[in-house]
Amino acid sequence: MIGATAELDRVSDLCARMHFSLRGADIAGGLLEPVADFLGAETASFRSMVLEESVAKPLFVVGIGIPETVHASYLTHFYQLDPARRLLFRRLTEPLFANPARSGEWSKEYAAPGTFEQYQAEFRRYRREFLVPNGFYHHVGFCIPDLDGRALLFDFHRKARSRAFGTLERARARVVALFLHAKAGPNWHADAAHGPADPDGRLSTREIEVADAVAIGLSNKQVASRLGISVRTVENHLRSIFAKLGVTTRTKLAAKLRETDSTTPRPSSSRSGSSATTSASAASRKAIRRRSSSAFPRSIRSKDTRRP
């Protein structure tokens, strides 16, 4: 049993050793190797994804203990089944973590009714055709946003014959994710916490989560279930959101989100990583866009458009 003092010493030592850079060699030696050792992983990978013309695409992949042929097959085909691409349609303000139940879901993920079944079916295919054949059986992973709005994904694996990652390894991964998130873009995080839908910083982080959920068509009950809060709390947040954004219905809220998403600029970015496997696309990087439903018939209360 590792004592608390010894564990804190290990974490402190790891943070001192980690070097955050998006150059391929630095990622492999400065990040993946020390973290993989800390977590007891047999293989590890890093990938950067971005939206281009509303399509999630990988920019490059770096790995340790993984053949280049596996990276190539991911970049040419299997990225289209990767559950992580959904993260680019969300406003990323904090680290997110892969569901340990191997279901393909991410922390704090919510969707319109029926879509989770589709996600899970897609992930089963991804796991069957790509993950398991390449030895990615046991997994712990996390995603952090960077200064340019990209999703930076870290994955650590063990083969089927090995012990699954336990509570301790997952707790360690959370510490690493929080540290890397702070290193990746503390200044951008302060801006992104308000997101494109709130350029003036009017909404709280929780209000942004509620607004996003309403914009994809979830009812108040569904929003409450996804965020772990009461329906009354959702209604209170919506009253505040409506007042701050100057809208009176769910439809107008969704339109406001789409409008500000399309007009808020993002910083430009340049690719790097000489030793990384890179994607073939050279299209200009676009700002992150949110998928919104075309019609939202409810106001704050499902059957009452007159008041929150």
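Quick notes on this structure:
- Yes/no for Arg23 being modelled with pLDDT of 85 or more and either closer than 18 Å to Phe130 by Cβ or not hydrophobic (A, V, I, L, M, F, W, C) (or both): no
- Against the criterion of being crowded, with 17+ Cβ neighbours inside 10 Å, within 21 Å of Asp148 (Cα to Cα) and either assigned by TED's automatic domain parsing to the domain that holds Val132 or of a type in the set (Gly, Ala, Ser) (or both), Phe38 does not qualify.
- Residues of region 213-239 classified as surrounded by fewer than 22 Cβ atoms within 10 Å (Cβ to Cβ) and part of a loop (DSSP other than H, G, I, E, B), total: 6
- Those residues of region 105-126 which are over 24 Å from Lys221 (Cβ atoms) and without any contact (Cβ under 8 Å) to a residue 40 or more places away in the chain, in sequence order: Ala121, Arg124
- Residue match in region 129-146 (condition: over 23 Å from Leu81 (Cβ atoms), in contact with a Gly (Cβ under 9 Å, 6 or more places away or on another chain), surrounded by 21 or more Cβ atoms within 10 Å (Cβ to Cβ) and at pLDDT below 95): yes
- Candidates in region 238-258 are the residues that are in contact (Cβ under 8 Å) with a residue 60 or more places away in the chain and touching a helix residue (DSSP H, G or I) at 6+ places or on another chain (Cβ under 8 Å); of these, the one that is nearest to Ala215 (Cα to Cα) is Leu257.
- Listed here are the strands (runs of 3 or more DSSP E) enclosed by region 43-150 that have at least 3 residues being within 24 Å of Arg163 (Cα to Cα), within 19 Å of the chain's Cα centre (by Cα) and not hydrophobic (A, V, I, L, M, F, W, C), and there are none.
- Residue tally, condition touching a residue at least 40 places away in the same chain (Cβ under 8 Å) and closer than 15 Å to Leu153 by Cβ, over region 71-83: 7
- Note on region 77-128: residues that are of a type in the set (Lys, Arg) and within 20 Å of Thr205 (Cα to Cα) amount to 4.
- Extreme residue, nearest to the chain's Cα centre (by Cα), among residues of region 151-174 that are among the hydrophobic types (A, V, I, L, M, F, W, C), over 16 Å from Ala84 (Cα atoms) and surrounded by 20 or more Cβ atoms within 10 Å (Cβ to Cβ): Ala173
- When each of Phe46, Phe60 is tested for being surrounded by 20 or more Cβ atoms within 10 Å (Cβ to Cβ) and touching a Phe, Trp or Tyr at 6+ places or on another chain (Cβ under 6 Å), the lone residue that passes is Phe46.
- Taking first residues from region 127-143 that are closer than 15 Å to Leu32 by Cβ and partners that are part of a loop (DSSP other than H, G, I, E, B) and among the aromatic types (Phe, Trp, Tyr), the Cβ contacts under 7 Å between residues at least 6 apart in sequence or on separate chains come to Val140/Phe165.
- Selection of first residues in region 84-99 that are farther than 17 Å from Arg47 by Cβ and among the charged types (D, E, K, R) and of second residues that are in a loop (DSSP other than H, G, I, E, B) and at pLDDT below 85, restricted to Cβ pairs under 6 Å at least 6 apart or on distinct chains, gives the following pairs, ordered by first then second residue: Arg91/Gly195.
- Criterion violated by Pro145 - all others in (1) of a type outside the set (D, E, K, R); (2) out of contact with any Asp or Glu (no Cβ under 9 Å at 6 or more places or on another chain); (3) under 20 Å from Ser48 (Cα atoms) satisfied: (2)
The values are calculated or read from the model by the stated rules, or taken from the named source; none is laboratory data. Treat the numbers as computed from the prediction; the structure is a model and nothing was measured. As a convention, Cβ positions derive from the backbone with ideal geometry for all residues, glycine included, and neighbour counts pool all protein chains shown.
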